[in-house]
Structures are given as C-alpha cells and as structure tokens.
Amino acid sequence: MSYDTVIVGGGHNGLTCAWYLARAGYKVRVLERREMVGGAAITEEFHPGFRNSVASYSVGLLSPEVIADMELARHGLKIVLRPLSYFSPSEDGRYLIMDRDAQRNHDELSQWSKRDAERLPAWHAKMDRLVDFIRTTLLETPPNMGGGFSDILAAAKVGNRARKLGLSSQNDLIDLFGKSAGDMLDQWFETDVLKGLLGWDAVVGNYASPYTPGSAYVLLHHVFGITNGIKGAWGHAIGGMGSITQAMARACTEKGVEISVDAPVREIIVEHGAVHGVVLETGERVMGKSVASNIHPKLLYGKLIDERYLGEEFNTRIKGWKSGSGTFRMNVALSELPNFTCKPGTTAAEHHSAAIIIAPSLSYLDQGYLDAKIHGWSRTPGIEMHIPSTIDDSLAPKGQHVASLFCHHFAPVLPNGASWDDNREAAADTVIDTMTRHAPNFKASIIARSILSPFDLERKLALVGGDIFHGALSLDQLFSARPVPGYGAYRGPLKWLYMCGSGTHPGGGVTGAPGHNAAREIMRDLKANTARRFRAA
C-alpha cells in the first residue's frame, strides 16, 4: 500500500503533522520505533503506583491553534495552571516568590530590593514586546536563504514587522540574539536570586553559561507560549505530558491516520534524486509520495539517508550541527513533601505546586557550567523541580507524591573517556544532596528514583547529546538556518523529503508548530503536483 505521506517518528510534532494532512484528505502513516507514540512527551510508571512525565514536564509552549484545531480537550486533554508560578530558595535562608500577579511580585521583590521591584514591570514590558514579535513567526514558514521571489516577499514581511517595533525594541532584538542573558540581567537588576530565577530559562536545554553570548534568546524562547489563554503561563497536563500525545493519537486515528509502533525505520528509499518511502528494520517497505521526518536532523541525515545523495556542502553543515543540552532528568517517588528550611512544612502549600527553582544567582549557574566542562557535571547543579501530584492525584498513591527534577549542567560527553553508565548514580546523588541542602527531609523521603543522564536521553528518546531541542537554539541554527540555510522551509535536499520536528523552526519544546507548518508545505506541494498531473492529462 502506498501513502501520500509517511511520517518517521511519532512524537508530538509527527502526530500534529499527520493530523493536518489527514484532515485535508491525505492518506498518512506514522512510524514510531518505540512501543508507544509521544517521543519525549510521554508518561510512564517508574515505581509501582507512581507515574510521571518522562522527559518534557510542563505545558507552556503548546500552540493554542493546534490545541483548538485538533480538539485535544475533546480527546481527553486537560491543562491546569500552577497555583503559583515560581518559588526560589536563596543561599541565605530566604526565598523569592514570583507569580502572575504584578502587585504580589512587587511586594515580594520589595523585601529584597525596592529598586528592582520598581524596575521589574519595565523589564516584563520590554520582554513582552519582543515575545509578541517572536509569536508572529511561530506558525510561519521561514523564507529560504537564496530562495525565489516568494522568499524575498516573506523576508520583507518579517522585516516590516520588525520595523514596526520601533528603534528601541529593534535594539533590544539585536541584544537578544547577540548578548548573554547574564549581561542583560546584570544591567537591569541587583538582586542575585531574581537574576538567577530569570536567568534559569537561559540555560534550560542550553549547554552554556548564562554569560554565553546569545543565551538571551533561549531565555525568551521559554516564554512565548500561551496556556489557557494566558500569555507566558505554564501549566500541568492532567495525567502527565503523555496525555497530550495520547490525545493527539486519538485525534489522528479519528481522521484515519495509521499509526504503527515498534516500527523502527532502517533507511529512506531514494531513487533519481527523490524519496519514495522507507524500509523498516524488519525489511518491510512502506511506500509514499512523500516522507516527513520528525526525528533529530543528525539521525535523519546521518543514519537513514546515504550521504552521497545529499551533496558535500549539506553534509558538512549537518555534521557541524550543534546538539547537546547538558540536561539531567530525574523523577522521584516521595513519602512526603519537601520541608524547606526557608518555608517549613510538609502539608501541601502553594509553594509546593510552583516551579521550584534552585538557581540562587547567575554566578551559581555559571560555576555549574564550568564544573561540567571540567569535571563532567556541576557540583551544585541548577534544578527546576515540579511536584505535579499536588494538583494531579492520578500520579501517586494518596498521601504520597512524585517530583520531577530537571537539572543542569551535565556534560553530554564526559571528559577523559568516562561513561555515563558508570557515573549516573553519583550524578543523581549530587542532585539529591543539592535539594536536601534546601529541604533537609528530601533525601530521606525518597522511595524510588528514575534517572536519565544525557546519554540515557539519547538512548531512550533519540535526543542526540541529550538535546531536548534537537539542536542548539543559537543564531546560526534558528529560523531560516534551521537546520541548514537554504532548507529552512521544512523541505529537505531531496524531492518529496520534508522535516517536521524540533530541528526546524521554531525549534524545541512541546509546541506542535513544526508539525503544523510542515504539513502546510507538504499539502502545498501535493496539491501542486496533482494540479500538474491534471493539466498534463
């Protein structure tokens, strides 16, 4: 049987792409190598009675258009906002709370610095203007470098929107892509714990110091979302992140998409400069008019397509694709909630349902990066901990809890030939000890733990170098240059080959945008091809 589109990889973008194509009447098959669809957005039981999101862990970037179009709520998705946004313990025994309420932020920050409390609204206003501009590009196809007249027009439209920002915001936009988050935050604020909290987003998924040039954009990348109609808000998917992709799978099945699990692809069939389908590890050939890849660019072009079909320049650029996010991911089962020294108590309180950020200063995060470069991982890692069972009782037995810990910095490749398999437990102990310094009961409350080192993230979820974004979000790997200049419009270097994953614009995170945008380009080409055949007949 032949399909209009064969999609390699059943992550959320692959499912999104499949759904839009199927809605338009095209015959689509999704091929997933693992036993379940979802990619990095899955929920698993890691200890009897304890379930949690495995890799991605919070909802904040998923496109409202995708949610609405796919009717994910009807298919079982429920997203709730966290009662409190951020709780950040400091190293001097105090804490900072940040929330969506501007007056509360002012009051909380005034205890640290009245100057910073007065300046915070202006900082947010500056960031909001830039985020609004970024949002306008999310569901657009980037103009191809060296493209034709339509690409020139598309580039002009983006440039015109940038022009309308005004000179001040244009300068801010230049700062965003050229400066470090640390430099920008140091210019604005004096409170270490505030700068650490705001700077945390600049290192999430980014193997870099907050003082690395270009890290300011990564900070912004994490706040362009809209959750339940609230800009920049983050929430929890009831049942964990797997509830998103399971709802997507149900929506796809309803539209007639064929989904195959335990179906790893061995190679993509290339003949006469065009792709014609794929070959599975079993030897089965799945033929299609087009093939869309939802997998990491290095896996697509390094393993599934012989480089002789791609050209020297393309091969050189793909081999130079930067991928490695320094991420260490843990889930723990807890007998009781953390009892923080700065805010005592094991009875569920608002700070337990917040994003708990251990990043007390920019220098703390900077030193963590330096540690990882030298020793393999930070001696005092930055940590974002969520305890989703405080708002979702489906994840743990009554009276007990699950916590996710998203940690930096941990080198994608350990120095001196060391193995992550040999060092995984020691690194996990460092994370636990760091959290226990802030909540003395934490270590003793752990019933079980599940650990994913950078190598585990690659081995289990095909995230090369443990990179949650499928490639660094640096200026040379964004927009029209993602993944390669000249191929930023979701079309690969072979006819009828497309890319719909996080290695394309707008990059990583559970957004659905790459899948949405790629489907539009695939449909455009399939329609044009049908029209040509009709005229020829």
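Can you give the helix-only mean residue ellipticity at 222 nm for the chain, where every DSSP H stretch with n ≥ 4 adds -39500 (n - 2.57) and the sum goes over all residues, rounded to the nearest 500 deg cm²/dmol?
That calculation yields -11000 deg cm²/dmol at 222 nm.
Modelled label-to-label distance, Ala528 and Arg74, 7 Å Cα→beta-carbon offset: nm?
According to this spin-label approximation, the distance is 3.3 nm.
Going by amide H atoms built from the backbone, whose H comes under 5 Å of the H on Thr227, apart from near neighbours?
When sequence neighbours closer than 5 places are left aside, the close amide H contacts are Gly232, Ala233.
Please calculate the 1.4 Å probe accessible area of Met36, with all protein chains present, and give it to the nearest 10 Å².
Counting only protein heavy atoms, the figure is 50 Å².
Among the trypsin sites (Lys or Arg not before Pro) within region 64-143, which fall in a DSSP loop and have no more than 16 other Cβ atoms within 10 Å of their own Cβ?
When the trypsin sites (Lys or Arg not before Pro) of region 64-143 are filtered for loop state and at most 16 Cβ neighbours within 10 Å, Arg74, Lys78, Arg94, Arg100 remain.
Please state the relative contact order of region 427-537 as a whole percent: Cα pairs under 8 Å, 6+ residues apart?
15
If I fit a long axis through the Cα atoms of helix 192-203 and take the longest principal axis of the Cα atoms of the chain, what angle between them do I get, 0 to 90°, rounded to 10?
20
Could you compute how fast region 151-222 diffuses translationally, taking Rh as the Kirkwood radius over C-alpha pairs and applying Stokes-Einstein at 10 °C with viscosity 1.306 mPa s? Give it in µm² per second.
In µm²/s, the coefficient rounds to 121.
Run a plain Debye calculation on region 420-537 (Cα atoms as equal point scatterers, no solvent) and give log10 I(q)/I(0) at q = 0.21, 0.22 Å⁻¹, rounded to two decimals, same order as the q list.
Each listed q maps to, in turn, -1.10, -1.15.
Have a look at Ile174, Leu138, Leu197 and report the one farthest towards the positive end of the charge dipole of region 128-222, computed about the Cα centre with Cβ charges (Lys/Arg +1, Asp/Glu -1).
Selected residue: Leu138.
Over 32 Å between C-alpha atoms is what I'm after, so list which of Lys231/Lys322; Lys114/Lys343; Lys373/Lys398; Lys78/Lys343 land there.
Among Lys231/Lys322; Lys114/Lys343; Lys373/Lys398; Lys78/Lys343, the Cα-Cα distance tops 32 Å for Lys373/Lys398.
Looking at the chain from every direction and averaging, what is the projected area of its Cα convex hull in nm²? Provide the component values of the computation, followed by the final result.
Values: hull surface 98.7 nm².
Convex hull of Cα atoms, orientation-averaged projection: 24.7 nm².
Quick one: net charge of Arg74's neighbours, Cβ under 14 Å, K/R +1, D/E -1? Display every interim value, and only then the final one.
On the way: positive: Lys78, Arg250, Lys255; negative: Asp69, Glu71, Glu254.
Neighbour charge sum, excluding Arg74 itself: 0.
Tell me the Kirkwood radius of region 1-134: reciprocal of the mean inverse pair distance over distinct alpha-carbon atoms, in Å.
One over the average 1/r among Cα pairs gives 19.1 Å for region 1-134.
From the phi angles alone, apply the Karplus equation (6.51, -1.76, 1.60; θ = phi - 60°) to region 258-267 and give each ³J(HN,Hα) in whole Hz, x where the residue is Gly or Pro.
Listing the rounded values in order: 8, 10, 10, 9, 6, 10, x, 8, 8, 7 Hz.
In square angstrom, what is the accessible area per residue of the chain with a 1.4 angstrom probe?
Result: 39 Å² of accessible area for each residue.
Between Arg115 and Lys157, take the C-beta separation as r, use R0 = 45 Å, and let me know the FRET efficiency to the nearest 0.05.
Between Arg115 and Lys157 the formula returns 0.65.
What residues have an amide H closer than 5 Å to that of Asn441, excluding those fewer than 5 places away on the same chain, when H is modeled at 1.01 Å from N in the peptide plane?
Those qualifying (amide H under 5 Å, at least 5 residues apart or on another chain) are Asn339.
List the relative contact order of the chain as a percent without decimals, with contacts defined as Cα pairs under 8 Å and 6+ residues apart.
Reported as a whole number, the value is 24 percent.
Tell me which residues come under 5 Å, amide H to amide H, from Gly382 once H is placed; ignore anything under 5 positions away on its chain.
For Gly382, the qualifying residues are His408, His409.
According to the square roots a ≥ b ≥ c of the eigenvalues of the Cα gyration tensor, what is the shape class of region 172-319, taking rounded for a/c under 1.5, prolate for a/b larger than b/c otherwise, and oblate for the remainder?
Details: a/c = 3.28, a/b = 1.62, b/c = 2.03.
Verdict is oblate for region 172-319.
Using the alpha-carbon atoms, what tilt in degrees (0 to 90, nearest 10) does helix 149-164 show relative to the longest principal axis of the chain?
20
If you take all C-alpha pairs in region 268-307, what percent of them are over 16 Å apart?
The proportion of pairs with Cα distances above 16 Å equals 35 percent.
In debye, nearest 20, what is the charge dipole magnitude of region 261-306 about its Cα centre with +1 on Lys and Arg Cβ and -1 on Asp and Glu Cβ, if you could check?
For region 261-306, the charge dipole is close to 140 debye.
Could you tell me which of rounded, prolate or oblate describes region 33-98, using a ≥ b ≥ c as the square roots of the eigenvalues of the alpha-carbon gyration tensor, with rounded for a/c under 1.5 and, failing that, prolate when a/b is larger than b/c and oblate otherwise?
Note, shape of region 33-98 comes out oblate.
Over all alpha-carbon pairs of region 390-456, lay out the pair-distance distribution in 10 Å bins, whole %, shortest bin first.
Spelled out bin by bin, region 390-456 gives 17, 44, 29, 9, 1 percent.
Regarding region 324-478, what is the average projected area of its C-alpha convex hull, in nm²? Before the final figure, lay out each step's value.
Values: hull surface 40.3 nm².
Projected over every direction and averaged, the Cα hull of region 324-478 covers 10.1 nm².
Can you give the Rg/Rh ratio of region 300-384, where Rg is from the C-alpha atoms and Rh is the Kirkwood radius?
That ratio equals 1.22.
Under a point-charge model restricted to the Cβ atoms of Lys and Arg (+1) and Asp and Glu (-1), what is the dipole moment magnitude of the chain relative to its Cα centre, in debye to the nearest 20?
With Lys and Arg at +1 and Asp and Glu at -1, about 1640 debye.
Return one number: the angle in degrees, 0 to 90 and rounded to the nearest 10, between the long axis of the Cα atoms of helix 242-254 and the longest principal axis of the Cα atoms of the chain.
That works out to roughly 20 degrees.
What's the carbon and sulfur percent of the chain's accessible surface, probe 1.4 angstrom, rounded to a whole number?
In the chain, the share of accessible area belonging to carbon and sulfur is 52 percent.
The values are calculated or read from the model by the stated rules, or taken from the named source; none is laboratory data. As the structure is a prediction and not an experimental result, all values here were calculated from the model. Cβ coordinates were reconstructed from backbone atoms using ideal geometry, including for glycine residues, and neighbour counts include every protein chain displayed. Surface accessibility is based on the protein's heavy atoms, side chains included, excluding ligands, DNA and RNA. Shrake-Rupley method; radii C 1.70, N 1.55, O 1.52, S 1.80 Å.
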